[in-house]
1. Hey, can you rank 16-25, 49-58 by average C-beta count inside 10 Å, highest first?
2. Extension gain HIS33-ALA76, at 0.36 nm per residue separation less the Cα-Cα distance, in nm?
3. Using alpha carbons only, how many degrees (0 to 90, rounded to 10) separate the axis of helix 17-32 from the longest principal axis of the chain?
4. Each residue of the range 46-51 in order: what ³J(HN,Hα) in whole Hz does its phi give by Karplus 6.51 cos²θ - 1.76 cosθ + 1.60, θ = phi - 60°, with x for Gly and Pro?
5. Let me spell out the model: positive unit charges on the Cβ of Lys and Arg, negative unit charges on the Cβ of Asp and Glu, origin at the Cα centre of the chain. What dipole size does that give, in debye rounded to 20?
6. Please give the length that would be gained between HIS20 and TYR56 if that part of the chain were fully extended, namely 0.36 nm times their separation in residues minus their C-alpha to C-alpha distance (nm, one decimal).
7. What Kirkwood hydrodynamic radius do you get for the chain when you take the inverse of the mean 1/r over all pairs of distinct Cα atoms, in Å?
8. At 222 nm, what helix-only mean residue ellipticity would the chain give, in deg cm²/dmol to the nearest 500, using -39500 (n - 2.57) for each DSSP H run of four or more?
Amino acid sequence: MIEPQGPRVNPFNHPPFIIHYLQLLGFIGDLAHLPFRFIFRLFTSVFDLGTLVVVYQLLRRSDLFTPPAYLVYVLAPATLIVSGYHGNTDPIMIFFYCWLFYC
């Protein structure tokens, strides 16, 4: 079947679990009286900060930590733009992936 907008148009290209995550963020936004776009970007940035902590711990544990290399990772423009501006859900997956290796 061809949609009016063209073939295979999918406006929601996230894994199914993200639907529940978005509902939770909507609930939190309603409780806090904050716009959904703010809450969504805030939480992805928090997951990004969590990834920074987990990566730091992984590097320290394996004796691979060097401050300049870690600083390059912390200040990577792509990471800051994707999670802080676009509000993509990729930081959530990356956080849990790194956390899996930490545990």
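FYI, it's all coordinate maths here, none of it is from the lab. Just so it is clear, the structure is predicted and the values come from calculations on it, not from any experiment. Note: ideal-geometry Cβ built from the backbone for every residue, glycine included; neighbour counts use all protein chains shown.
1. Details: 16-25: 12.3, 49-58: 16.3.
Those peptides, ordered most packed to least, come out 49-58, 16-25.
2. Details: separation 43, 0.36 × 43 = 15.48 nm, distance 3.19 nm.
Result for the pair: 12.3 nm of gain on full extension.
3. Tilt relative to the chain: about 90 degrees.
4. 3J(HN,Hα) across the range 46-51, in whole Hz: 5, 5, 5, 5, x, 5.
5. 100 debye
6. Values: separation 36, 0.36 × 36 = 12.96 nm, distance 2.95 nm.
Between HIS20 and TYR56, full extension yields an extra 10.0 nm.
7. Values: mean 1/r = 0.0638 Å⁻¹.
The answer is 15.7 Å.
8. On the way: 5 runs with 68 residues, N = 103.
My calculation for the chain gives -21000 deg cm²/dmol from helical runs alone.
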